[in-house]
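Chemist: The structure under discussion is supplied below as structure tokens; questions concerning it will follow.
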Amino acid sequence: MRNRFLCFCIAFSVCVAFSTPTIAEEEMVPGVVIKMKHKVAKKGDVLVVHVLANDIGSDDPRPVALWLSDDQTLEHGDRFLAEDTISDYERGPDMIGMPVLTKLKVKQLKELEGKFAIITIGTAREVFQTGDQSLVLVQKIGRPECVSDLFLREDEPNDEEGVAVRAGKLKQHYCASLLGEIEATGTEEVRADIDRYRFFVKESLVFDSTLTHGKDLDFDLMFVAVEEAEILQVCDGFESIERCSIEVADVDAPVAIDLVVLPTSGSGPYTIAIHAHNDASVLEVNTNAENSAGAMRAVGLDQ
């Protein structure tokens, strides 16, 4: 178990360099998915999920199980895929209370795209008995061309360039899912909340992004080239699902690109799905896209 925990420390230090998932005690979440891969193989698709399980707090073995579902709800009839077991047993005193990394891998799967990976951490029976879905972790399975999936939670404050959430490098066929919450109310003294996520681009790529939020909310997306302080694209639709795509071409050296979430009305959570690829012919249709310098003043980033 000690060797396994050391492996966790090494793996987690690598993850921190790429992104730092936060499991706050007050959130009472069982853990967080820090990595998910969906690969296509000759004998069937492969699904790999890395879960950072929150404080175990028990010497008893605790199962971490992976399920396949057609929706975001774990129900009887959903397919059980794999299970690992974690425990505080034989962990040193300095290790108690630390999150534990567990890896779940399943081969020879079929037709995964659009379905959901559901992870239970010692709670499957309780979920089935009570229907309490707060006890599970849920991630939508991306397109198989996404050779690597990154999941990031917003880490406040992240409203200025210097504190943008660092998402690392996005390469061809990499995907990212961003989860955040934004406050749209501002005053003359205090600007409304905005959220920044920073990606580093080392090759010519197209970024297809989808912003999803509640039907009574209105958030917009903006891409900014950090070094030149140049707005590449602003997408300001009014639907609960908004799309924004850009092409970053002729890249000779690493380029920092900020994706900025802009609140227009309402406050609440959002998710952003990003797919990086090199086929400019399949750029998503942007939602009311702009790419003018005047957009900077319109969204108030220079205040």
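The values are calculated or read from the model by the stated rules, or taken from the named source; none is laboratory data. Remember, it's a predicted structure, so these values are computed and weren't measured experimentally. When we count neighbours, we look across all protein chains shown, and the Cβ atoms used for this are built from the backbone with ideal geometry, even at glycine.
Chemist: Determine if segment 119-129 includes at least one residue that is more than 16 Å from residue 46 (Cβ to Cβ), surrounded by fewer than 19 Cβ atoms within 10 Å (Cβ to Cβ) and touching a strand residue (DSSP E or B) at 6+ places or on another chain (Cβ under 6 Å).
Modeler: The answer is no; no qualifying residue exists.
Chemist: I've got another one for you. What residue, of 209, 204, is touching a strand residue (DSSP E or B) at 6+ places or on another chain (Cβ under 6 Å), touching a residue at least 40 places away in the same chain (Cβ under 8 Å) and not charged (D, E, K, R)?
Modeler: So the residue among 209, 204 that is touching a strand residue (DSSP E or B) at 6+ places or on another chain (Cβ under 6 Å), touching a residue at least 40 places away in the same chain (Cβ under 8 Å) and not charged (D, E, K, R) is 209.
Chemist: Further, regarding this structure: Kindly check whether there is at least one residue in segment 276-285 that is surrounded by 18 or more Cβ atoms within 10 Å (Cβ to Cβ) and either at pLDDT 90 or above or part of a strand (DSSP E or B) (or both).
Modeler: yes
Chemist: Ok, one more. Being under 17 Å from the mean Cα position of the chain (by Cα) and at pLDDT below 90, is that true of even one residue in segment 228-240?
Modeler: No.
Chemist: Same structure, new question: When you scan segment 223-269, how many residues do you find that are in a loop (DSSP other than H, G, I, E, B) and either touching a Lys or Arg at 6+ places or on another chain (Cβ under 6 Å) or farther than 19 Å from residue 172 by Cα (or both)?
Modeler: Qualifying residue count for the region: 12.
Chemist: While we're on this one: Going by what's in this entry, would residue 217 be described as in contact with a strand residue (DSSP E or B) (Cβ under 9 Å, 6 or more places away or on another chain), buried (at least 19 other Cβ atoms within 10 Å of the Cβ) and touching a residue at least 24 places away in the same chain (Cβ under 8 Å)?
Modeler: The answer is no for residue 217.
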